[in-house]
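The values are calculated or read from the model by the stated rules, or taken from the named source; none is laboratory data. What you see is a predicted model; the values in this text were computed from it and never measured. Cβ placement follows ideal geometry from the backbone for every residue including glycine, while neighbour counts extend to all protein chains displayed.
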Amino acid sequence: MTTATDTRAPTTPTQPLEIIQLDVEGMTCASCVNRIERFVRKVDGVSQVNVNLATERATIAYDPGLVTRADLTGAVEAAGYDVRQPVAAEATASGSDPAAQVDAHEAAREREVAELRRKSFVSLGVGVAMMALMYLPLGLDMRLVAPALLIAATIVQFWAGSVFYRAAWTAAVHRSTNMNTLVAVGTSVAYGYSAFVTLWPSLAEAWGFPYHLYYETAVIIIALILMGRWLEARAKKQTAGAIKALMGLQARTARVIRDGVEADVPVEQVVVGDLVRVRPGEKVPVDGVLTEGRSALDESMLTGESLPVEKEPGDEVIGATLNRTGSFVFRATKVGADTALAQIVRLVEEAQGSKAPLQRLADQVAGVFVPIVLVVAALTAAGWFVFGPSPVFAVTVAIAVLIIACPCALGLATPTAIMVGTGKAAEHGILIRGGEALEQTRRIDTVVLDKTGTLTRGRPEVTRVVALGGTSEEELLRLAASAEVGSEHPLGSAILARARELRLELTDATEFEAVPGRGVHATVAGSRLSVGNRALAEAGGVELAPVAEVADEIARDGATPMFVAVDGTLRGIIAVADTLKAESPQAVAELEALGLEVWMLTGDHALTAEAIARRAGIGHVLAEVQPDEKAAKVRELQSQGKVVAMVGDGINDAPALAQSDLGVAIGTGTDVAMAASDITLIGGDLRTIVTAIALSRKTVGVIKQGLFWAFGYNVVLIPVAMGLLYPFFGILLNPVIAAAAMAMSSVSVVTNALRLRSFRAPESPDQILHPPLMERVREYGYLVAIALVAVVIGGAALYFANPAGSDEMPMSDRGASTVVARVDQADR
Amino acid sequence: MAQTQMMATDPVCGMHVDPQQATEKGLTAEYNGETYYFCGKGCMLDFKENPEPYFAPDYKPSM
């Protein structure tokens, strides 16, 4: 990324630079960012350019003696963009900006969810009351109740249903149709027809329109679809959390030394060149270069590296990393929007902004379905106009087609499957964020696994003990562990942990001395022990030549050799490494059984990386990847046409997780990674990824079936509405048939979704390739049961819908069985 | 009909673009008799200035 590279350019301000922020309009992608940066950089006197796509802001550091603001706006305009009312601001003030934006977003989303909830509940209440009034044998005269129904239905139609009209209009402007078009057209026709016969009953009668009321159809369709949206909106409320979590990592204050006086100031007030003191246990407030003192810094939150990094004067320190042991002073070199943390925030923002929105399954289906229905309705009207009894009849059947075509369970198909699916996932320790994540999973063909913390445990362990001379392996471990008791270093902790595991009895050590970056010295049972790296051993004059080969071998395997010397004589080597999780190879095999291409991503040297990948059974390796290149690597795979799932745990993985088509975070990792991902695996067991993908696929299958059920009944009834049965049996669509279809499709959709509860995690790669027989039997059993229920309800509906009553009974009986047979067929 | 059938790819950045909208906003360019659609001005101007690199077989869209 250009943004990342040019802020890393060394900054040696010889004279005070001024910083300006320009609000740029019209940027759409990273190419726009590149172009503006290129144009602005060409201006003489500009030392740094940073363009942020997500916040639409260019931050430029320039020499005021050479450049004016007009030159800079001119350069942006020359690139083809507009600058909104040039506002000059200190770059440092922008630090809190994204957080404020996130809050605003969150509040807006909160309002949206509350509104959806209100609208769907009110509509559903109205709809249920209407159904009770219309179908329970209360002995009411419909013509007296109808005006009340009209008022209630009008409120639902234009208050709760307004979203459909707006969205349908937007789609129409772009000459496309989607679910909203279908809902808007279907409910409007149902509502409009009912309103007409309610308001002008005598006119309707004179023209020959049957007194049919479809209010509850329109209201319930709106209610159920809004309810589905509410469920989904509620589930994905916290998508903006990644940036907020990242911002939360930043230190709030910094202890700045100005004119020899130390003072705590808000981190926003730290300027480039300030000297900042960091005490043990504190976070480094901004980026800089260490000038005084030494310490070990835990950079795992940013780099994913599990070992603390030793720092001495001249070394770079990164903001938001944790100071472990020593106190030190550093000179700030990057503040505000330029820090590494701000870069990650920007990468996450860009990755989130650049993702093409997923076209939802329901919209895809509706997009094809709507034009067909409109054409069918028009053809029906035309056909009856020519051959039918009257023009009014032609209009009536065309209206009936539009009413029946709008499936009320359409809105339920996706959310019910997702609710059951995500609930089932949670039982397996998988948190899935929203339906898009699930729908996305069906397209995944590549899985990228971050090495550290994902494939490996993320903390070092003893992998090998090489004892020399008369020392036994246990004795060597016991000695080294005794010396390391006082050590806080993870490599020492690994040795200690191993010794405790083997229940070795430790001897008390005295004269403990830690040598930063090298190892420890201690006196154990009268002997002077040193445990540490090559540098420590060489400094102590220990002869290493005899073990050079073994040490090299250990290093090649990706482990760190620790040399143990007693009184200046080498006694052995203990190899410590971040080891593969036990379940990793099986998880990889299962992922491959699912037909996925598995990649490993790591910053390790290629040889080490390949050794680990081989052990995990992974064939594709992306090695020597810098932390800030991870998202770019994912993007590279995506540009090859792959649909990529990224699995990671660190903060530095966040941009890659956001960039990937499906971000999967390991729950034992950082909050930021979880917030940037679509799926979180709580336990950290890699095999749950397999479960997650298998379950997601199953859930998407259920969504598809749900859509089929939602549309199926209505599609089957379209011929009835078209009046195809009319010449033979006198049957046309009426409210009872419409209500039966609604009830049937809702029941089918919901019961179908509930079937997901029987999902079981695949136990082996073989089970994925060959699903057990029982599962298939259960599948068919369900279909048969639903078909039977459909036959019964369909028969009953047709019986009650029988237009003339007694004298046509035999005819309509046959009619019923014909339609039932149709429903039955369609169900298969 | 459905939107999916009408998507074009921006040759510069690789984003999916609705040709209809791109045409309305004037974000198109002709090259070798083909019409290309862009997500925004930056891509279009870059393309118009020098279209060749985007046809190189090893060109990878930057986003």
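Please determine whether any residue of region A:696-713 is touching a strand residue (DSSP E or B) at 6+ places or on another chain (Cβ under 8 Å) and at pLDDT 80 or above.
Yes: one or more hits.
Strands (runs of 3 or more DSSP E) wholly in region A:45-98 with at least 1 residues that are loosely packed, with under 15 Cβ neighbours inside 10 Å, within 14 Å of chain B (Cβ to nearest Cβ) and at pLDDT below 85 - which ones? By residue number, A:82-84. A:MET134 meets all of the listed conditions (1) part of a helix (DSSP H, G or I); (2) hydrophobic (A, V, I, L, M, F, W, C); (3) without any contact (Cβ under 8 Å) to a residue 60 or more places away in the chain but one, namely (3). The residue of region A:25-38 that is modelled with the lowest pLDDT, among those that are assigned to a helix (DSSP H, G or I) and at the interface with another protein chain (Cβ under 10 Å from one of its Cβ atoms), is A:ALA30.
Taking the listed residues A:ALA195, A:ALA223, the one that is touching a Ser or Thr at 6+ places or on another chain (Cβ under 8 Å), small (Gly, Ala, Ser), closer than 30 Å to A:PRO389 by Cα and away from chain B (no Cβ under 14 Å) is A:ALA195, with no other qualifying. Counting only residues that are more than 17 Å from A:ASN652 (Cα to Cα) and out of contact with any helix residue (DSSP H, G or I) (no Cβ under 7 Å at 6 or more places or on another chain), which one in region A:239-255 is modelled with the highest pLDDT? Top of the filtered list is A:ARG255. For region A:319-336, filtering for residues that are surrounded by fewer than 21 Cβ atoms within 10 Å (Cβ to Cβ) and part of a loop (DSSP other than H, G, I, E, B) leaves 4.
Quick grid of which residues meet (1) crowded, with 17+ Cβ neighbours inside 10 Å; (2) under 22 Å from the mean Cα position of the chain (by Cα):
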{"residue": "A:VAL598", "(1), (2)": "yes, yes"}
{"residue": "A:GLU624", "(1), (2)": "no, no"}
{"residue": "A:ALA632", "(1), (2)": "yes, yes"}
{"residue": "A:GLU636", "(1), (2)": "no, yes"}
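Within region B:40-63, can you find the residues that are modelled with pLDDT of 80 or more, buried (at least 18 other Cβ atoms within 10 Å of the Cβ) and either at the interface with chain A (Cβ under 7 Å from one of its Cβ atoms) or over 29 Å from A:ASP82 (Cβ atoms) (or both)? Within region B:40-63, B:CYS43, B:LEU45, B:ASP46 meet the criteria.
For (1) assigned to a strand (DSSP E or B); (2) surrounded by 23 or more Cβ atoms within 10 Å (Cβ to Cβ); (3) aromatic (Phe, Trp, Tyr), each residue gets a yes or a no:
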| residue | (1), (2), (3) |
| --- | --- |
| A:ALA673 | no, yes, no |
| A:ILE689 | no, yes, no |
| A:LYS698 | no, no, no |
| A:ILE703 | no, yes, no |
| A:PHE708 | no, no, yes |
| A:ILE718 | no, no, no |
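Filtering region B:20-39 to residues that are within 11 Å of chain A (Cβ to nearest Cβ) and assigned to a helix (DSSP H, G or I) leaves B:GLN20, B:GLN21, B:ALA22, B:GLU24. Filtering region A:187-212 to residues that are at pLDDT 85 or above and either within 17 Å of A:LEU410 (Cα to Cα) or surrounded by 19 or more Cβ atoms within 10 Å (Cβ to Cβ) (or both) leaves A:THR187, A:SER188, A:VAL189, A:ALA190, A:TYR191, A:TYR193, A:SER194, A:ALA195, A:VAL197, A:THR198.
Which of the helices (runs of 4 or more DSSP H) contained wholly in region A:385-486 include at least 1 residues that are under 22 Å from the mean Cα position of the chain (by Cα) and in contact (Cβ under 8 Å) with a residue 60 or more places away in the chain?
Qualifying helices (runs of 4 or more DSSP H): A:410-427, A:434-441.
Of the helices (runs of 4 or more DSSP H) lying entirely inside region A:509-594, the ones with 2 or more residues being closer than 30 Å to A:ASP445 by Cβ and touching a helix residue (DSSP H, G or I) at 6+ places or on another chain (Cβ under 9 Å) are found at A:584-593.
Taken together, A:VAL542, A:VAL576, A:VAL547 contain a single residue that is modelled with pLDDT of 85 or more and among the aliphatic types (A, V, I, L, M), which is A:VAL576.
Scanning region A:253-277 for residues that are small (Gly, Ala, Ser) and more than 21 Å from A:ARG324 (Cβ to Cβ) turns up A:GLY260, A:ALA263, A:GLY273.
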